[in-house]
Amino acid sequence: MSNLQFFPDSASSVSGEVNFFFILMVILCTVVALGIAAFLIYSAIRYHRHHENEMGNQRRNYIPAEATWIVTPFVLFLGMFGWGAKLYFDIERPPDDAIPMYVVAKQWMWKIQHPEGQREINELHIPIGRAVKLTMTSEDVIHSFFVPAFRTKQDVLPDRYTTTWFKATRPGKYHLFCAEYCGTKHSGMIGYVYVMRPDDYQTWLTQGAAEGSLASQGEKLFHQYGCANCHHFDNQGRCPDLRNLYMHPVQIDGGQTVTADDSYIRESILDPNAKIVYGFQPNIMPSFSAQLSQEQVLALISYVKALGPQPGTQQPSSSGTTPKQYGTQPGIAGPNATSNSGSHLEQR
Ligand code: CUA
């Protein structure tokens, strides 16, 4: 009997509330359904026709009764809706201080990259009490990242990024499932999330990561693929200056303004002509979709992110002009035009 478990482990900041919500929803629906059924049966017996010529009671518009059975369920279920919506937004919106991690799904494994450079397959090590934000994409078909103990499930799609986040509250080892049928070995596309105490996590981080942080791997790719030849850090290159770009608004050809989030940067690497920054020429940058793996694109995004402030934090600005609008003054060097050589990455 000790193995009988009605709920999965509860190990994240939202899992307790999700349980509570679920139980209350079941109770509320049960009570309402049973109440209606009981009243229906009672009325069928109490008010059934007793003889052939009996006429029904013509009394209509019994306002108090009608108001009660309209207003009561309305308030109850709208209340549940409001609570559910609040819970949904909590689950959907990662906090600004979340640790950014990257997930690449493929048939049939989970590949995970830590910002510090560690790579894992079918395993994810995270610290307790810290929000973790996953940015996820797929190399082939649709998968779904599902950690029951965290009450988190998010589809992982090819050609785009989806995100999810969680904050683990109990140390331990928790199941990770693929929850979207993705082919023959779908059922084997499983793994474990290890929730560690902060010291243990720090110890774990110090092992591995021979290649350096994800952003520094991205910096190497940035030079290896010649990105630095056009993307100068002095605003004088043929392509936009990438400093302070991340999560800032970008004015593109056609008058639109977009936010330079992960998806925008990814698209700009793989399909550069999709959105041309205002004031710049199209057809200068080739597509890198054939050269770069999903992991390499994520490393480059990490690098671009490291060149600018994190969302929600103030950027240590030396130029005094933030946020920067690209293309408003194309070709004009900022007051702090710097050399384009050497590392622009500060190691954390
Ligand atoms: Cu991946 Cu199912």
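Bear in mind these aren't lab numbers, they're just calculated from the coordinates by the rules spelled out. Quick caveat, the model's predicted, so the values are computed rather than measured. Cβ atoms come from the backbone with ideal geometry, glycine included; neighbour counts cover every protein chain shown.
Hydrodynamic radius of the stretch 43-138 by the Kirkwood approach over all distinct alpha-carbon pairs: 19.5 Å.
Restricting everything to alpha-carbon atoms, can you work out Rg to Rh for the stretch 119-160 with a Kirkwood hydrodynamic radius?
My calculation of the ratio gives 0.98.
Report, by chain and number, residues whose modeled amide H sits under 5 Å from the one on LYS133, excluding near sequence neighbours (fewer than 5 apart, same chain). Counting only residues 5 or more places away or on other chains, the set is ILE99, MET101. Rounded to the nearest 20, the Cβ-based charge dipole of the chain about its Cα centre (Lys and Arg +1, Asp and Glu -1) stands at 600 debye.
Building the convex hull from the alpha-carbon atoms of the stretch 154-228 and averaging its projection over directions returns 7.8 nm². Which is farthest toward the positive dipole end of the stretch 163-228 among HIS175, LEU205, THR164, measuring Cα position about the Cα centre, with Cβ charges +1 (Lys, Arg) and -1 (Asp, Glu)? Working it through, the farthest residue towards the positive pole turns out to be HIS175. Segment GLN58..ALA85, full-extension length gain: 5.5 nm, with 0.36 nm per residue of separation and the alpha-carbon distance subtracted. Of all beta bridges DSSP finds with both residues in the chain, what is the antiparallel percent, to the nearest 5? So the antiparallel bridges in the chain amount to around 70 percent. Put simply, the stretch 88-221 fits an ellipsoid with semi-axes of 22, 18, 15 Å; these come from the alpha carbon gyration tensor as the roots of five times its eigenvalues, largest first. With helices defined as uninterrupted DSSP H runs, which ones in the chain have an alpha carbon span along their own long axis of at least 18 Å and mean Kyte-Doolittle hydropathy of at least 0.0? Counting only whole DSSP H runs, the qualifying helices are 15-46, 63-92, 294-307.
I need the fraction of alpha carbon pairs in the stretch 189-259 separated by more than 20 Å, rounded to a whole percent. When all Cα pairs of the stretch 189-259 are counted, 58 percent exceed 20 Å.
Let me test this: with uniform point scatterers at the alpha carbons of the chain, what is the Debye-based log₁₀ I(q)/I(0) at q = 0.11, 0.15 1/Å? The computed values of log10 I(q)/I(0) come out as -0.84, -1.30. A cysteine counts as unpartnered when no other cysteine's C-beta lies under 4.7 Å of its own; in the chain this applies to CYS29, CYS178, CYS182, CYS227. When the chain is treated as a GNM with alpha-carbon contacts under 10 Å, the residue of LEU24, LEU157, LEU176 showing the greatest mean-square fluctuation is LEU24.
Selection among THR259, ALA85, TYR62 by position relative to the dipole of the chain gives TYR62 as farthest towards the positive end (Cβ unit charges, Cα centre). Based on DSSP H segments of at least four residues, each scored -39500 (n - 2.57), the chain has a per-residue ellipticity at 222 nm of -10500 deg cm²/dmol.
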